[in-house]
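Heads up: the structure comes next, in structure tokens.
Any read-out appearing in this document is the output of simple, stated calculations on the displayed coordinates, not a laboratory observation. Values in this document were obtained by computation on a predicted structure and should not be read as measured data. Counting neighbours? That spans all protein chains shown, and the Cβs are built from the backbone with ideal geometry, glycine included.
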Amino acid sequence: MQERPLSGVRVLDLTNVLAGPYCGYQLMLLGAEVVKIEVPGQGDLARRLGPDPALNGAGLGTSFLAQNAGKKSVELDLKDPAGRDTFTDLLRGADVLLENFRAGTLARLGFGWPRLHEINPRLVYCAISGFGQTGPMSQAPAYDQIIQGLSGMMSVTGTPETAPLRVGFPVCDTVGGLAAALHVAAALAGRSVTGEGTFLDVSMLEAAISAMGWTVSNYLVSGVAPEPTGDQNATAAPSGTFDAADGPLNIAANQQRQFETLCALVGRPELAADPRFAEREARKRHRAELNDELNAALRLRTAGEWERILVPAGVPAARIVTVPQALELDQLGHRGFVTDLPFPGSPARTLRVAGSGVLHDGEPLRPAAPPPLLGQDNGEREALVARWTASADVVSPRAETA
């Protein structure tokens, strides 16, 4: 495979738990050298988070293992003058600084944006926080669940009877991390032209609302407030979860041709001519009646059988599976989505980590090393400083020789 897009880029990662480490993980997959700066003796809080108490006690919680493969770990106390001096030396050779402290924390430690820019004018500084670095909520603490609630996301999750519900995974942390990684990459590209660094102020709240798509735009553009619709897609019908003989089945017959094909294949071609269902808006108004008719037909076969019948005919359909079943899908295996690594500190054991979902020149981007033990690279601090500061200009020469 060709050189990764961010090969040669150096990232200092001060982040904890998920949004920031997920951003750093994406940058690592893209080729960046990512060095985690961790509090001595404690490290990333995620080292103690996960379902396995033994791993948590060893500082290798599942949450940490999932987001930190391929990174280095150096312990530094930024409240100690010697630690700040070493951090300053690393900053001089860094391309990117990531942090997800509460707004203003790094400035109170003596490393606000003016000081960072003075130390290294080419530095891309990315601060990830719940609400951004400015505004009346900037000092409020925030975790994923808080952002899910304040974004409106929970209000539209579930049915009218069960909403508000939390989305079943930390989606706001993930979206915030992806937004940060995207803008870091964009800032590096911009720096190759201007030579100047950038201060990126990432708000998880705003990133989450931005990612909610039609749920937000329907209100902004048309004044239509969204409501919880459970397992049904409010924009089309029939589109949602249906009843097969052995369990639930997702069908998204959003186009007229797909609807007509679906009716024919389930043995109910007359539904396509029924005035209640003949055109898109009518189907949405009569969603409950249409679902009843289709469910009666769909219950005659298993979800797997319907998948094999509908998909080749162009009707989007799929079983609803568990997370373990999803991870065993042949499709993921074909694309190399999961990477097997030696387990940190126990190389005979295997650690499985997820990829990015993007192939580069037909190949998945994989971490080259397992997540680091706390302080694993302390002995390399002086060598890191020397190497980074000796070749501080990485991105622009590539552009100048293009």
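Before moving on, here are some points about what is shown:
- Residue with peak Gaussian network fluctuation, the chain [Cα springs, cutoff 10 Å], from Gln133, Gln26, Gln325: Gln325
- Taking amide hydrogens as placed 1.01 Å from N in the peptide plane, the amide H of Gly230 sits under 5 Å from those of Gly158, Thr159, each at least 5 positions away in sequence or on another chain.
- Taken about its Cα centre, the chain carries a charge dipole of about 120 debye when Lys and Arg each add +1 at the Cβ and Asp and Glu each add -1 at the Cβ.
- Rounded to the nearest 20 debye, the dipole size of segment 239-321 about its Cα centre is 180 debye, using +1 on the Cβ of Lys and Arg and -1 on the Cβ of Asp and Glu.
- Alpha-carbon centroid distance for the pair segment 324-354 / segment 230-278, whole angstrom: 36
- Fully extending the segment from Thr302 to Thr105 would add 65.4 nm, taking 0.36 nm per residue of separation and subtracting the current Cα-Cα distance.
- Separation in nanometres of the label points that stand 7 Å from Cα toward Cβ, at Asp274 and Arg387: 6.7
- Listed candidates (i) 39; (ii) 49; (iii) 45 - label of the one calculated as percent of Cα pairs over 31 Å apart: (ii)
- Gain in span if fully extended, Ser356 to Ala140, counting 0.36 nm per residue against the direct Cα distance: 74.7 nm
- Table column - 3J(HN,Hα) (Hz), segment 48-53, Karplus curve with 6.51, -1.76, 1.60, x for Gly and Pro: 10, 10, x, x, 10, x
- Nearest-0.05 FRET efficiency for Leu327 and Ala368, computed from C-beta distance (R0 25 Å): 0.70
- Charge dipole (segment 1-90, unit charges on Cβ, about Cα centre) - positive-most of Gly83, Val35, Thr62: Thr62
- Between the beta carbons of Leu220 and Gln255, assuming R0 = 25 Å, the FRET efficiency works out to 0.45 to the nearest 0.05.
- Quotient of C-alpha Rg and 2.2 N^0.38 Å, computed over segment 224-362: 1.36
- The Cα center of segment 208-222 and the Cα center of segment 110-175 differ in position by 17 Å.
- FRET efficiency, Ala348 to His117 (Cβ-Cβ, R0 56 Å, nearest 0.05): 0.75
- Residues Phe199, Phe169, ranked from the fewest to the most other C-beta atoms within 10 Å, line up as Phe169, Phe199.
- Most mobile listed residue (Ile309, Ile209, Ile128) in the chain, GNM with C-alpha springs under 10 Å: Ile309
- Three-way shape label, segment 1-109, alpha-carbon gyration tensor, a/c 1.5: oblate
- Placed amide H near Gly375: partners under 5 Å, 5+ positions off or other chain: Val74, Glu75
- Amide H partners (placed H, <5 Å) of Ala244, local residues excluded: Leu249
- Inverting the pair-averaged 1/r between distinct Cα atoms of segment 239-321 gives 12.4 Å as its Kirkwood hydrodynamic radius.
- Converting phi to 3J(HN,Hα) with the Karplus coefficients 6.51, -1.76 and 1.60 and the offset θ = phi - 60°, segment 197-212 yields x, 9, 9, 9, 10, 9, 9, 4, 4, 5, 4, 5, 5, 4, 7, 7 Hz in sequence order, with x at every glycine or proline.
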